[in-house]
Amino acid sequence: MILKNLTRMAILALGTSTLASAAAAEGDLYIYSWGEYTPPDLVEKFEAEFGVDVHIDTYDSMETMISKLRAGAGGYDIIVPGDGTMQILIAENMVEQIDVHAMPNFEHVDERWREVYWDPEREFSAPWAWGSTAFVVDTEIVTGDIDTLAVLFDPSDEVKGKINMLRDINDVINMALRYLDLPRCNDNPADMKKVLALLETQKEWVKSFDSETKEPLVSGEAVVSMSWNGYAMRARDEKPSLRYVYPKEGFTGWMDNLAVPKGAQNIENAKDFINFVMAPENAAMITNYARYSNGIKGSEAFVDADLSGAPEMTPPADAPAPEFIPTCSPESTELYDRVWTKLMN
Amino acid sequence: MKVHGHTRLAALLLSPALAIIAVFMIVPIGITTLYSFLEPARYGGVIWEFSTDAYVRLLFERDIFDDTLSFSTDYIRIFVRSLVQAGVATLLCLLIGIPTAWFIATRPDRQKTLWLMLVTVPYWVNLLVRTIAMLLILRDEGPINDSLQAIGLTSGPLPLSYNNFAVGLGLAYSFLPFMILPLYAAIERFDFSLLEAAYDLHANRWKAFVGVVLPILRPGVVAGSLLVFIPGIGAFLAPDILGGGKTIMIGNLIGQQFQGSRNWPFGAALSTVLMTLTLIALMWSARRAAKAGTEVV
């Protein structure tokens, strides 16, 4: 708290030194988001247009963010929850109803991001960025048909022992469920036994369960790795033979959203910011900085050329649609946990 | 009168430490224990209803269909693995620590400070950074395997990373100074004329070591072992990074309950059991130390 006051004082001192901005300032906006996720040019533009001082704090996981909100130690006006977390925050009455659907710039939101499972009417949240979770293959080493999860679960000899999986219970188990053609968020013990058997067989060939996927791929420690599309693009920058695969069995999509936590002090500024971000030229800044797609129509015109054509951001026409998976029931979560614990034993 | 003033002063001097222990240790431990007896809420957190499910789950698996309980060793195995890994790390630290501490303690006074500083310098770097650095050194494409293959000693990479060996090595490296420093403190006080006396009385090297050196080393060994073993059991970075996340220790299991699995009471119960085990180990070693103390006197 003292530290926070000190930083606030420091910011105030800085603000008064640049007289113009201090004079125009109509208050503050406190953003709580992932690191390296909020474009500085976007913030500057917003500050200049609205005369609001923006302050950014970062978290390293959704759990950190939720526990901080639960503890009441907030003071934030904007948070950036993923789709499953957004569903929880609404269910637990932890976010303000801000009627995003009624905001002027909502017309720019792509139709597919309007009626979403986590906020069907878009009363609480606006799109920020979205991406997918699939896998990356080093095409120099792996040949043949790679557009299938069999690359991971029924690997060829050159892949065995060189597989990296994400260290994430849900992502790994959902991928296994897809390969077995079983429903996600599964609470059927018989199905989950099959998942465990599949993953235990596969573990023999897995080198590591590591969520930092770029490094093992670039160094060659892994020739196949589960990955988020953003990491996959960064890895390809360093090793052109890497290819992000949209498997025919399907893959997980995710979306981060802007929302206002209950009790926020600067709700009007937060609403201004959310409306501002839904403008195409502003949403494009997110993509250019964080290298993830945004959900705004017409933003393509403002996106850097090397990004708009990147295969990691635009699935090929014949790829299946990304599957968005809600937070699973406690029963299926417990089964997932048990499978994972047995797998890691 | 004098004694009275002395105790008052002592109480005054102790009060900041006691306050910190009360606020940052007793209260959190109390909350943890309390939470372990509650029901998990749907999206993390707890429901205020008494339940021993978290503890039942440690030993038994509840059948989804008929609610019957069957004995399960899943979690016991994770506990045992953590104890074994921490034990191996402690032994490794002793093997490396005793000669190192002995070497430093027998240097001239001016050099001692320098050597001690050299021991601690690597630990100015954050643990996460050191652990990742270690993985980069040990892995298949790392410098060790590269050079072994370059000079033709091995034809393929040795399995140095992503296994229990790497975890044990990582734990030992993480906590090595906690072993060296107490050992050094013990050896530094050692009166080397005692060793000469032992030789004068026809003790061979082994007898002199066991009869003279070891009893003096003991407090250092006990303190160092506890300082390595206890954080070693709860470690989660080494298994995640050096073990490639392929086998988990208690620390990982606890983290999992507060993150993806959203079962706070179970995580709290695991923490409570871990703390209880640690407390038992501490009390056992304290009693042994007390016994050893009375024997010497």
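Side notes on the structure shown:
- Per-residue ³J(HN,Hα) for region B:127-139, Karplus 6.51 cos²θ - 1.76 cosθ + 1.60, θ = phi - 60°, Hz, x for Gly and Pro: 4, 4, 5, 5, 5, 5, 4, 5, 4, 4, 6, 7, 5
- With R₀ fixed at 56 Å, the C-beta to C-beta distance from B:Trp102 to A:Ala102 puts the FRET efficiency at about 0.15.
- Projected-area average for region B:1-121 over all orientations - Cα convex hull basis, square nanometres: 15.9
- Net charge dipole, region B:1-157: roughly 1180 debye, given to the nearest 20, about the Cα centre with Cβ charges of +1 for Lys and Arg and -1 for Asp and Glu.
- In chain A, the longest principal axis of the Cα atoms and the axis of helix A:2-17 are about 60 degrees apart.
- In region A:193-309, a dipole from Cβ-located charges (positive for Lys and Arg, negative for Asp and Glu) runs towards its positive end, and of A:Leu196, A:Ile286, A:Val223 it is A:Leu196 whose Cα lies farthest in that direction.
- Candidate cross-link partners of B:Lys112 among the aspartates and glutamates, defined by an alpha-carbon separation under 12 Å and a same-chain spacing of 8 or more, comprise B:Glu188.
- Counting only DSSP beta bridges whose two residues both lie in the protein assembly as shown, roughly 65 percent are antiparallel.
- Calculated [θ] (222 nm, deg cm²/dmol) that DSSP helices of n ≥ 4 give over the protein assembly as shown, each run adding -39,500 (n - 2.57): -16500 deg cm²/dmol
- Pairwise label distance in nanometres, B:Thr120 with A:Glu158, each label 7 Å out on the Cα-Cβ vector: 5.3
- Dipole magnitude of the protein assembly as shown, debye to nearest 20 (Cβ charges: Lys/Arg +1, Asp/Glu -1, about Cα centre): 3840
- Residue pairs, from the table A:Lys214/B:Lys246; A:Lys162/A:Lys203; A:Lys203/A:Lys342; A:Lys45/A:Lys262, whose Cα atoms sit over 22 Å apart: A:Lys45/A:Lys262
- From least to most packed, judged by other beta carbons within 10 angstrom and beginning with the fewest, A:Met255, A:Met192 follow the order A:Met192, A:Met255.
- On Cα atoms only, tilt of A:229-238 relative to the major axis of chain A in degrees: 80
- Electrostatic dipole magnitude of chain B [Cβ: Lys, Arg +1; Asp, Glu -1; Cα centre; debye, to 20]: 900
- Region A:211-345 - Rg (one decimal) and Dmax (whole number), Cα, Å: 18.5, 51
- Nearest-0.05 FRET efficiency for A:Glu204 and B:Glu141, computed from C-beta distance (R0 30 Å): 0.90
- Label zone at B:Val56, where the point sits 7 Å out along the Cα-to-Cβ direction: region B:222-262 residues whose backbone N lies under 12 Å: none
- Note on chain B: Cα-only Rg and Dmax are 23.9, 79 Å.
- For the protein assembly as shown, B:Cys93 have no disulfide-compatible partner, since no other Cys C-beta lies under 4.7 Å from theirs.
Where a number appears in this text, it was derived from the coordinates with a stated rule and is not lab data. All of these numbers come straight from a predicted model, not from anything done at the bench. Backbone-built Cβ (ideal geometry, glycine too); neighbour counts: all protein chains shown.
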